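The values are calculated or read from the model by the stated rules, or taken from the named source; none is laboratory data. Predicted, not measured: the structure shown is a model, and the values here were computed from it. All Cβ positions, glycine included, derive from the backbone under ideal geometry; neighbour counts span all protein chains shown. We work out accessible area using only protein heavy atoms, side chains counted, and drop any ligands, DNA or RNA first. Shrake-Rupley method; radii C 1.70, N 1.55, O 1.52, S 1.80 Å.
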Amino acid sequence: MGQGTSVTEPLLKVRGLGKHFASAGQTVNVLSGLELTLAPGESLALMGRSGSGKSTLLNILCGLEQPDAGFVSIAGEHFAADSSASGPNQQRWAMLRRQRIGVVFQEANLMPALSLLDNVRLRARLAGQSDQHCGDWLKRLGIGELTQRYPDQVSGGQRQRAALAMVFAMRPSLILADEPTGSLDVRTALEVADELFHQQAASGCALILATHDSALAARCGQRLDLAQMGA
Amino acid sequence: MIKTQNWLTGFFQKAATLVLLSVSVLLAGCSQESDTGGFAGLAQAIDGSQSEPFLQPGPGDRLRFPDDWGPHPQHRIEWWYLTANLKTADGEPVGVQWTQFRQAIEPRPASEEPPAAELWPLQAAWMAHAAVSLEGEHRFAEKFARGDIGQAGAVANPLDIWLDDWRLTQQPDGALRLQVNTPQWGYDLLLRVQGEPVAHGDQGFSAKSASGEGSMYFSLVDIAISGELTLKGETQTVAGRGWFDREWSSQFLKAGQQGWDWFALHLDSGDKVMAFQLRQQDGGFLSGTWIPESGESVALPPDALSLTPLGFSGATPNLWRLQIPQYQVDINLAAPAGSYINNGLFPYWESPLSVSGSHSGEGYMELTGYRGSP
Amino acid sequence: MFLFSASQFSNLFSVLFSHYRRHPLQLLALALMIMLATMLWTGVNHLTTQARASLGQSEQAAAARSQLERVDGQALTVADFVTLRRAGLCVTPWLEVERPGQGGRLVGVDPLAAGCFAQTAPAAGNNSPERIDSPESSKKPEPAWTPVLNGDPFIDISEAAELAQNVAPSNVSLSLLIVPPEPASALPADYRMTGFSLGPDTGELGDSFLLNLDALGFLVLLITALLLRSVYQLGMAQRRDSFALLQRFGVMPSAINRVLLVEILLLALLSVVPGVWLGRLLAGTVSGGFGQALDSLFDTPLYAGQSENWLTSIATMMAIVLVVCLAQNVQALLLRTAAVLSFALPAKLLTGFGVRPWPWLALPLAAIGLAVALLAQSLPLVFFAVALVFAATGIAAPFAIAALSATLARKTREPLACWRHTELGVMARRLALPLVALQFALAMVLAVQALVTVFEVTFDEWLGQRLAADYFIEVPAGASANAAAQWLAAQPELAQSGDWHQVVRGVAQLPAAANDPAMADPKMDNPKMADSKMAGSKTDRKAQSVDLFALGPVSPLLTMWSLQAAGDQPWQGFAAGEGVMVNEQLARRYPLAVGDTLVLTLANTRLERPVLAIYADYGRPAGEVLINLELLPDEFVPVFESFSISPGASDITMITDGLQRLWQVESVRVRDNKRIRELADAVFDQTFLLTRAMTFVTLVLAAVALLIMGWVFFSTRAWYFRLLQVWGLTKRQVLAQLGWLALTLTLSITLLALPLGVWLTWVLVHRINPLAFGWSLPMAIYPGFWLQLGVVSVLIGLSITLLMRSQLGGSSPKPVSAASLRGDER
């Protein structure tokens, strides 16, 4: 368990988080008693084999799944397990996701019917940001010449760069990345990861990165191994 | 017009079937099993629950002439039945059949006036069959009519039996004239009856089962026939001899009886034979009449004769062996080649036959109730 | 012929089929769609067959046939029947009893007497003029249908005679139907043969309707094929990855195609059989409901199509499935060739090839189709034009929606709206085939509704005019119609409160155009007549006979006729003998317009009068001239004479008694027009209901098809709706987007179906009908019904949304595999 200490005010505080699933008549505890604190600018690597609860934790941290126990505080909003499913809470979570939490999946982060630029603009506008600098973000991520391309007209690495552009264009407080380089070849993965860490550092947002790749994990300030925890 | 006719055809064919079948079902009652068909479908078994009773023939009933040539409205079924073995001028054998049936739907005492024709009553239905068999081909036609309106009927004296334009009429000279016309063929025959009517069974009461059911039955067994046959647009003269049956009853097939086989024979010895059997699961009920060339006819009890089918046309036996040991008769009765099914509303087999064995001769056979016959 | 072994084949088969083991729902959807499409076509086909059969039978029931009458005018009795039967004639009694009150009409028949009708009618499929009972020919022909003597309306004549004793003699009539003897001289001298008819002749009307039914049946088949094709394409798209993988493993594409062919045939067979069964069940249910109410005019069972062969339906559907598969293969071949020829072509363009073939082609197709439909002078050409226009619309509609959405997306500044519009474009393209099917179905429903309503309204009105008089009295042979007219005119009560006119029908001659122009002043510029002029030039015309229809005196029974074209005060001029009227058929054929002068020859008398009006005359092709009775020369020999009488305050029996005395006959034949009206109404009601049912079924199933396709489509898009949620939209907001998409799609296709439907109505009413039958129907549109269709399309859209809502809930969807994100995702 890698619980870090921080001098700045925590952006994310997780206390006693628990989640279980019913599987084949038995209750499987995916998460139990999880504690987590993350300050702005910090990064956390989420490790663990498949099924250890990485994706579940990320889903809980953006409000798409409800925990069974515990408490989540994020960017000043507080959610307790027993009340997190309620309508107002859903509204608060939606606002958080819209404006403060950027999510990057392994793939399919883009709307296929929109150009890369329109994707970024859509995301930025949803977050309440101006869409004037969206082209810049694509440029910054090295695909400035591809703004009018559609997702199916560019490579996987370029798509993931566009996904990062989208996330940073919304100026998030927290980025949740779920194996963002998982489907890329080694070299491209490295480049995309470089971009991720670079922009994260530049923007000062917090990052939680779920990954199998220990080299990638090593680049994060903190590390949480769910496999050990769940055992 | 053709379309219209087809429409009417379909309608009336079916409707006729329905009426006759419903009549039959009505008569059969609910208890009757459906597989017992009466002769030509007419007489089904009886439940006896009619409010107005039909008269039942029984031993001791006697024939009365000439009244018995006319209809018996208080009996359920009756028929006038001519079969004839004729020859064309070329010597080609011709079989001719004409039958008129009456089936009562309601019995009516003889004393009672018939209902008014204007009411189109349906107390009785009449059916006429006519067939011609020639060169292995069998032609058959049938007609239906309701009774009591004049379209069909029978009068005893002078004898007149008709349905539409088919009729058997006594001529002033006593001879009978039989006229039948269909769109495709017809015949016009003069019948000269020789000899007196032969009463079958017990002075006319012919038992049809061991338990006493039966019918009134007599025949004219020696009829000289001459006349004209029209076929394929050609008219030719024909001549030969015939056999005329007259039979009525209210009760015929018992439950369990499947059908009947009937034979009328003119033996070259001059003797005549009538034989029939009513078939049932355990054999059947046989009966007959031996009519010697001269002298009194003799009723043949069930054990005096035997009938054995030897050959078949489809499901119908068309070759039989008849034995009457008492008169040294052991003969084969063979239908000519071909199918002789009267394919009407109620199909049955009606064919001329030739006699060989201990005797030679000719005659007619009528076979009903065979499964597989159409 | 397979070029690989059976075990290889089964291996490949199991590999390919494994896709469906992983995605059983896809297989289910595929099978369901084939089943539904089959059900649709079978059901509609079944209903059409029934409509055809029931109409045909009603027609036959109402068709004219022959009867016998006594020359001395006396009423027929049972004695006449017996006399005729014993003379060897095939007659059968027909005793009609009109029961008072709600009892209605019964017909007593004698099934026993009618055996001769069977013997004289040619047996179907039996060429032998004689009935020779050999085992081969011993099967009895099955009657066409099974009537029941259940009083609906047939009963045994003895029962009818019994009932007849309790009703007024005027409500009982005995007719003797006859199979005309050959030679006709065989008829006894005391009798003569006349026509026997149960109602107005509906033959032409029925033909027209059946023709339209056929056209619609064809459309349904087209829609079915579209649905099947869309299903098949969906299945192919879903399995593109597997095919690519197999090809990478060295399996020839042709081998894959063969396996797919076998697979789709198996699947089709498994789905087609229950589909056919369901379709028949459906047709039975739909027709059963109202069949009882209208049951069988003349005991005609509605379910006349019963004997239709199952194999026909199954074979047809299998053939369609096969065509759909082959089309796929042809497309694949094109794709491969194109790929080989030009590697540079973007794969996307090629993939889209089959879905939206050359949108630009739609315009010339539509232009040609519209022009041909307008100008064509033959039915096949018009049908061809309809096919062209439908093809054009089918190509253009999805493209139009996509193009519109693209334009909107470009214009909008709102990124979410931009996304919505682009997504709509994707849907329009991906769901092109079911969308087009829905569009066709909507257009068809719209056209059929308008057609049926127009038919109903028009005929109702026309029949109402023609049968305006309450009673119709035929003038017996030898009786004087003029004496009767004088007598009627002398009846004070009738003159005060009733209406009547005399009717004479006969034949007149129109002279040949070459010698003596029939029209002094032909209005060649009359647009109404312009098209018929193209059919044949005037000089070709020979002297011809036309039906003559003479009426007088002019009563309100006549002046209420609605006329298609008329000058000023036509009936006044007609009453004064100043002019004549012609029916639409004659006007179209000749051509004639109001104001033209018509030259007629009536029994060697020349009559020259202007055309005062053109009247509608549905139901028969013959041309007819209507003149005032007073213009008839004395030597004119009528074919038929009668009186139309509305007795008003006087009693019809008083009138008939008077005429009986006048004519010295025992009875007068009086026809109650109300009954004829009811008869005709019943015939049409039944047909119209069936037709409406047919189109309704089509619409419902097209909607269900779109529903399933939409559902499958949205399933592949579910991840992106989830993405919207990740991006901060609440579930409700996502659903709103979804609902907007579905509703916009269905509503826009409905909007696009409207012009097509209206155009189809126009073609049916104004082009096909006049070309086929010489008369037209008024064109009408029913915007109220459009609104109903709009509601239906909203319901379809809402249903898709609701289906998706359940998909959005629950566990989080996974993004579809990376490979399938290439291709036509957008």
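Counting only residues 5 or more places away or on other chains, whose amide H sits under 5 Å from the amide H of A:Thr181 once H atoms are built in the peptide plane?
So A:Thr181 has HN proximity to no qualifying residue.
Kindly flag which residue pairs out of B:Lys143/B:Lys272; B:Lys87/B:Lys232; B:Lys143/B:Lys232; B:Lys143/B:Lys208; A:Lys19/C:Lys731; B:Lys208/B:Lys272 have an alpha-carbon separation exceeding 26 Å in this structure.
B:Lys143/B:Lys272; B:Lys143/B:Lys208
Within 10 Å of each candidate Cβ there may be at most 10 other Cβ atoms; applying that plus a DSSP loop requirement, which GluC sites (Glu not before Pro) in the stretch C:608-664 survive?
Filter output for the stretch C:608-664: C:Glu635.
Nearest 100 Å², what total accessible surface is buried between chain A and chain C (probe 1.4 Å)?
Buried: approximately 2700 Å² between C and A.
I'd like the interface area for chains C and B: accessible area of each alone minus the complex, both sides summed, 1.4 Å probe, protein heavy atoms only. What is it in Å² to the nearest 100?
By this definition, chains C and B bury close to 4900 Å².
Please give me, ordered by residue number, the chymotrypsin sites (Phe, Trp or Tyr not before Pro) of the stretch C:371-427 that lie in loop per DSSP and have at most 15 other Cβ atoms within 10 Å.
none
Write out the GluC sites (Glu not before Pro) in the stretch B:292-374 meeting two conditions: DSSP loop, and at most 16 other Cβ atoms within 10 Å of their Cβ.
Within the stretch B:292-374, the qualifying GluC sites (Glu not before Pro) (loop, at most 16 other Cβ atoms within 10 Å) are B:Glu293, B:Glu296.
Considering the options A:Thr181, A:Leu61, A:Cys134, tell which one lies farthest towards the positive end of the dipole of chain A, charges being +1 on Lys and Arg and -1 on Asp and Glu at the Cβ, about the Cα centre.
A:Cys134
Run the quick spin-label model on C:Ala477 and C:Ala315: label points 7 Å from Cα toward the beta carbon, then report their separation in nm to one decimal.
Here the modelled spin labels are 5.1 nm apart.
Under a point-charge model restricted to the Cβ atoms of Lys and Arg (+1) and Asp and Glu (-1), what is the dipole moment magnitude of the stretch C:551-672 relative to its Cα centre, in debye to the nearest 20?
Dipole size: approximately 280 debye.
Accessible area of A:Cys62, 1.4 Å probe, to the nearest 10 Å²?
0
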